[in-house]
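Undergrad: Got a structure here, written out as structure tokens. Questions coming.
The values are calculated or read from the model by the stated rules, or taken from the named source; none is laboratory data. The model shown is predicted, which means the values in this text are computed figures rather than measured ones. Positions of Cβ are backbone-derived with ideal geometry, glycine not excepted, and every protein chain shown enters the neighbour counts. Just the protein is used for accessible areas: all its heavy atoms, side chains included, with ligands, DNA and RNA removed. Shrake-Rupley method; radii C 1.70, N 1.55, O 1.52, S 1.80 Å.
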Amino acid sequence: MSERPRSAAAVIAAATAIADDVLAPAAGEIDRAALVPRSHLDRLAAAGLYGLAGADVHPPTRWLATEILAAGCLATAFVWLQHHGAVQAVRRAALADEWVHALLAGDVRGGIAIGGVRATTPSLHARRTGDQWTLDGTVPWATGWGLIDVVLVGAATDDGREVWSLLDAATSSTVSVTPVALVAANASATVRMHFDAHVIPPDRIVGVVAHEPPPDGDGGGRNNGSLALGVARRVCRLMTPSPLDAQLDACRAALDAADDAGLAAARAAAAAFALRATARLVVHAGAAAVVAGSMAERSRRDALLTTVFGSRPAIRSSLLRRLEAYPSGRPGFR
Ligand SMILES: Cc1cc2nc3c(=O)[nH]c(=O)nc-3n(C[C@H](O)[C@H](O)[C@H](O)COP(=O)(O)OP(=O)(O)OC[C@H]3O[C@@H](n4cnc5c(N)ncnc54)[C@H](O)[C@@H]3O)c2cc1C
């Protein structure tokens, strides 16, 4: 079993070593692969980095580690990132004792499938059958299929509640998946999940809670913003020194300092920065940038993913305002 590095500096040193020595050298190959190598995730577990969802971890340490890993290989970081969402939910649940230790050690690896309950019209329904809960419907996104052991699933009831469960990430007669082909981080093995009268084992219920609509201006989580920073960080390292270095620091500082009301705007700024930084890399590389698999081309596709992943309405509108900030009235734009 792995032990998490004890200090923030040791966590960052471990993440940096893996990003530089293992992830970045293989990232081009993984970009063309169907699945992130399990050995990469094993390295993260062995270094204790699956433990960064622990209650005792200072969040900025997790955020910076995420950025560093995403700079190395977005697909690997993307799979690893989902784990923390699962752990954070399970940590608060009655089944925590049984699972949290193994999850934090990386002996059990988790993902999340929460889009079925959150959408305005739920796509995954939970109904009571005797003393059990049964799932029917779909979840549009679940990342890490084939690499994760368990998946946190949210479903909506007819009476306005949410049923959360930690299910085995495996297909069966009542669970099937459809792969989603992605233009970036395709090796993250992202799927659409389908449930057909799937009975939740009672000992896998994480909680049954009243549905609470997301807060106005929902910022979609600070850590998700680290993926965009990671892609930009990769560009900065390639082109350093450049004015981008200070802009990366400013974006990170804004995300770190953002309160609930300011997070969406900071997420949008980070996404816009990743787009801008990768555009600059494309221009800098010239024609070579359009050679499939070039660093510029891959990074540009990675920036697309960070523009839409984990987005929320307030992030989207803030980002659109940024992208539309051209002088008004110029002919030919519309
Ligand atoms: C490549 C990729 C992989 C993804 N992997 C996962 C995954 O492993 N697990 C997962 O749960 N989601 C995953 N998502 C979904 C992601 O977290 C966001 O839900 C999605 O990016 C929002 O997309 P959208 O802006 O098109 O909103 P829409 O899908 O149009 O949804 C409308 C609104 O519903 C709400 N909403 C939708 N989905 C969610 C959600 N998951 N959580 C909270 N609110 C939501 C948001 O307010 C969103 O703006 C993935 C998305 C992408 C693009």
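Undergrad: Gap in Å between the Cα centre of region 206-278 and the Cα centre of region 92-142?
TA: Between the Cα centre of region 92-142 and that of region 206-278, the gap is 26 Å.
Undergrad: Continuing with the same structure: Residue 108's amide H: which non-local residues (gap 5+, or another chain) put their own amide H closer than 5 Å, with H modeled 1.01 Å from N in plane and none for Pro or chain starts?
TA: 103
Undergrad: What per residue convex hull volume, in Å³, do the alpha-carbon atoms of region 95-204 yield?
TA: 107
Undergrad: Counting only protein heavy atoms and a 1.4 Å probe, tell me what percentage of region 8-105's accessible area is made up of carbon and sulfur. List each step's numbers first, then the result.
TA: Values: 2020 of 3540 Å².
Summing carbon and sulfur atoms, their accessible area is 57 percent of the total for region 8-105.
Undergrad: Using a Förster distance of 35 Å, how high is the FRET efficiency between residue 287 and residue 250, based on the Cβ-Cβ distance and rounded to 0.05?
TA: Numbers: r = 31 Å, r/R0 = 0.90.
For residue 287 and residue 250, the calculated efficiency is 0.65.
Undergrad: If a paramagnetic tag sat 7 Å from the Cα of residue 149 along the Cα-Cβ line, which residues of region 58-99 would have the backbone N under 19 Å from that point?
TA: Of the residues in region 58-99, 79-99 have backbone N under 19 Å from the label point off residue 149.
Undergrad: Relative contact order, percent, of the chain when contacts are C-alpha pairs under 8 Å separated by at least 6 residues?
TA: Values: 623 pairs, mean separation 54.5, N = 334.
Result for the chain is 16 percent.
Undergrad: Residues of region 299-317 with the amide nitrogen closer than 14 Å to a label point 7 Å from the Cα of residue 242, along Cα-to-Cβ, please.
TA: In region 299-317, the label zone of residue 242 (backbone N under 14 Å from the point 7 Å along Cα→Cβ) covers 299-300.
Undergrad: What longest region of the chain stays clear of GluC sites (Glu not before Pro) that DSSP places outside H, G, I, E and B and that have at most 10 other Cβ atoms within 10 Å? Display every interim value, and only then the final one.
TA: Numbers: sites that count: 3, 324.
Segment 4-323 is the longest.
Undergrad: What number, rounded to the nearest 500 deg cm²/dmol, is the helix-based mean residue ellipticity at 222 nm of the chain, given -39500 (n - 2.57) per DSSP H run of at least four residues and division by all its residues? Mind showing how you got there, number by number?
TA: Values: 12 runs with 153 residues, N = 334.
That comes out to -14500 deg cm²/dmol.
Undergrad: Let me ask something additional. How large, in Å, is region 8-105 by the Kirkwood hydrodynamic radius built from its alpha-carbon pairs? Display every interim value, and only then the final one.
TA: Working: mean 1/r = 0.0731 Å⁻¹.
Evaluated over region 8-105, this radius sits at 13.7 Å.
Undergrad: While we're on this one: Using Cα pairs under 8 angstrom and six or more residues apart, how large is the relative contact order of region 110-210, in percent? Before the final figure, lay out each step's value.
TA: Values: 235 pairs, mean separation 32.3, N = 101.
Relative contact order of region 110-210: 32 percent.
Undergrad: Right, here's the next one. Name the long-range amide H neighbours of residue 219: under 5 Å, sequence gap of 5 or more, or other chain; modelled H, no Pro or chain starts.
TA: Correct list: 264.
Undergrad: Mind putting together the pair-distance distribution for region 225-323? All Cα pairs, 10 Å bins, whole percent per bin, short to long.
TA: 18, 48, 28, 6, 0
Undergrad: Let me ask something additional. What list of whole percents do you get for P(r) of the chain, with Cα-Cα distances grouped in 20 Å bins up to the one holding the largest distance?
TA: Binned Cα distances yield the sequence 31, 58, 11, 0.
Undergrad: Here is a follow-up. Per residue, what accessible area does the chain have, given a 1.4 Å probe and all protein chains present, in Å²?
TA: Working: 15210 Å² over 334 residues.
Value for the chain: 46 Å² per residue.
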